[in-house]
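What follows is a short report on a single structure.
The values are calculated or read from the model by the stated rules, or taken from the named source; none is laboratory data. Predicted model only: the values in this text are computed from it and were never measured. Here the Cβ positions follow ideal geometry from the backbone for every residue, glycine too, while neighbour counts run over all protein chains shown. With ligands, DNA and RNA removed, areas are computed over all heavy atoms of the protein, side chains included. Shrake-Rupley method; radii C 1.70, N 1.55, O 1.52, S 1.80 Å.
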Amino acid sequence: MLSGRGSNFEAIADAVDSGAIPDAEIVAVISDVAAAAGVERARRRGLPAFAADRGKFASRRDHEAEVLRILEEARPDLICLAGYMRVLSPEFVARYRGRIVNIHPALLPRFPGLHAQRRALEAGETVSGCTVHFVDEGTDTGPVILQRTVPVLPGDTEESLSERILSEEHRAYPEAISRVLSGVPETS
Ligand code: GRF
């Protein structure tokens, strides 16, 4: 599930194609933003892409119901949030507990939420990185699966640090998914 650029999605799809994530198939790519570049990337790869545009629904609840409907049809064993910018309701999390993972551009529990890279920089951190974690009811609070560090270099800007972290995200997320899939029971 994504809302924007979709570079982590692309890294996951590459890893599925190359067998780096073994025995996996992407059964649906869901975006809450119809114009997200990630949707176009998914379509170009011939994957089933669904744009449940958040603007077209009267409430968050209605929107989430549509996302849940798509998921019920797709029957994923694992849901990967890859830049999905909507908080999932407790009901959603309960429905798929232990089967939702997310990637965050900081070393959680440091800097949860938005603008993590900028905040790490402002806090004077010398090391940052990314975290793949299970999703629970909180924002970026669930159990950590894997973390990767990158140095914060003198003269770094939000952009340069974000880029360095992103390269690490593209390696870390497929690896974490691979680990999780080897331990998650298949949907019956
Ligand atoms: C990444 O930095 C990820 O850590 C955060 O949102 C961004 C998504 O980027 N959750 P992309 O859409 O995968 O390129």
Once the Cα atoms of helix 60-74 and of the chain are each reduced to a long axis, what angle between those two axes, in degrees from 0 to 90 to the nearest 10, is obtained?
-> 70
Go through segment 138-143 residue by residue and turn each phi into a ³J(HN,Hα) via Karplus (6.51, -1.76, 1.60, θ = phi - 60°); whole Hz please, and just put x for glycine and proline.
-> x, 9, 6, 10, x, x
Cα-centred dipole magnitude for the chain, charges only on beta-carbon of K, R (+1) and D, E (-1), debye, nearest 20 | 220
Accessible solvent surface per residue of the chain, calculated while the other protein chains remain in place, 1.4 angstrom probe, Å² | 51
Two-decimal log10 I(q)/I(0) for the chain, as the Debye equation yields it once each C-alpha is a single scatterer, q = 0.09, 0.11, 0.18 Å⁻¹ = -0.31, -0.47, -1.27
Amide H contacts under 5 Å for Ser128, restricted to residues at least 5 apart in sequence or on another chain and with H modeled in the peptide plane, are Val150, Val152
Ranked by how many other beta carbons lie within 10 Å on average, peptides 78-91, 40-53, 97-110 from highest | 97-110, 78-91, 40-53
With the calculation restricted to Cα positions, what are the radius of gyration and Dmax of segment 1-53 in angstrom?
-> 10.5, 32
Tell me, what HN-Hα J-couplings in whole Hz come from the Karplus equation 6.51 cos²θ - 1.76 cosθ + 1.60 at θ = phi - 60° for each residue of segment 20-26, using x for Gly and Pro?
-> 5, 9, x, 6, 10, 9, 8
Size of electric dipole in segment 105-184: Cβ of Lys, Arg +1 and of Asp, Glu -1, about Cα centre, debye, nearest 20 = 200
Computed [θ] at 222 nm, deg cm²/dmol, the chain (DSSP H ≥ 4; -39,500 (n - 2.57); rounded to nearest 500) | -12500 deg cm²/dmol
